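The values are calculated or read from the model by the stated rules, or taken from the named source; none is laboratory data. Since the structure is predicted, the reported quantities are computational estimates derived from the model, not experimental observations. Don't worry about glycine lacking a Cβ; one is built from the backbone with ideal geometry, like all the others, and counts go over all protein chains shown. All accessible areas refer to the heavy atoms of the entire protein, side chains included, with ligands and DNA or RNA removed. Shrake-Rupley method; radii C 1.70, N 1.55, O 1.52, S 1.80 Å.
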Amino acid sequence: TKLESALVGKAMPEFALQDLHRPEVQVSQQVFQGEPSLLNVWGTWCPSCRDEHADLMWLAKNEGVPIVGLNYKDQRADAKIWLERLGDPYSTSIYDPKGSLGFDLGVYGAPETFVIGADGKVLHRHVGVVNKQVWEETLRPLLNQAGGQY
């Protein structure tokens, strides 16, 4: 589903949040510099997030897509167990227990996936499950237009 975002064409909002796996590490918008990537908003409380998880694993492993995870309004322990059991497709996992970055992005639920350019600008917002059709028809072309090779 395409839901326009006021951020399309603008830089990622500034933030400083903990890494899900390493609370002592702060993650900022700098994580989106250097190569086009996906930002996937997810939570263990979200049934649709579980539905898309195998496709995210496939994108990360088979297509080499850099995916940053935003664990949204969740419990750290639950999220870590989820990734241990189902696999971890994320190059970086941002922990957003209060939903502050999600709020700045205009997130109203999960899953939502953003295409981020190599310069850190938001290029697209996809609301709903990412599957192979969404990848082929929407996300792959946008990442390739942004300089990716997928």
So which of G109, G102 ends up being assigned to a loop (DSSP other than H, G, I, E, B) and touching a strand residue (DSSP E or B) at 6+ places or on another chain (Cβ under 9 Å)?
G109
Residue satisfying condition, being over 22 Å from M12 (Cα atoms), open to solvent by less than 10 Å² (accessible area, probe 1.4 Å) and either in contact with a Phe, Trp or Tyr (Cβ under 9 Å, 6 or more places away or on another chain) or among the small types (G, A, S) (or both), within set L70, L59, L101, L38
L59
Sort out which residues of region 18-33 are in contact (Cβ under 8 Å) with a residue 40 or more places away in the chain, within 25 Å of L143 (Cα to Cα) and either small (G, A, S) or in a strand (DSSP E or B) (or both), and write them in order of number.
D19, V27, Q33
Some residue of region 76-96 being assigned to a helix (DSSP H, G or I) and in contact with an Asp or Glu (Cβ under 7 Å, 6 or more places away or on another chain):
no
If C46 meets every condition in (1) over 18 Å from L139 (Cα atoms); (2) exposed (fewer than 15 other Cβ atoms within 10 Å of the Cβ) apart from one, which number is that one?
(2)
With Q149, Q75 as the choices, which residue is modelled with pLDDT under 95 and either under 15 Å from V41 (Cβ atoms) or polar (S, T, N, Q) (or both)?
Q149
Check on D119, surrounded by fewer than 16 Cβ atoms within 10 Å (Cβ to Cβ), touching a Pro at 6+ places or on another chain (Cβ under 6 Å) and over 26 Å from K61 (Cβ atoms):
no
Are any of the residues in region 34-53 out of contact with any Asp or Glu (no Cβ under 9 Å at 6 or more places or on another chain), closer than 12 Å to Y90 by Cα and assigned to a helix (DSSP H, G or I)?
yes
Set G64, G148: member being in contact (Cβ under 8 Å) with a residue 24 or more places away in the chain, open to solvent by less than 20 Å² (accessible area, probe 1.4 Å) and part of a loop (DSSP other than H, G, I, E, B)
G148
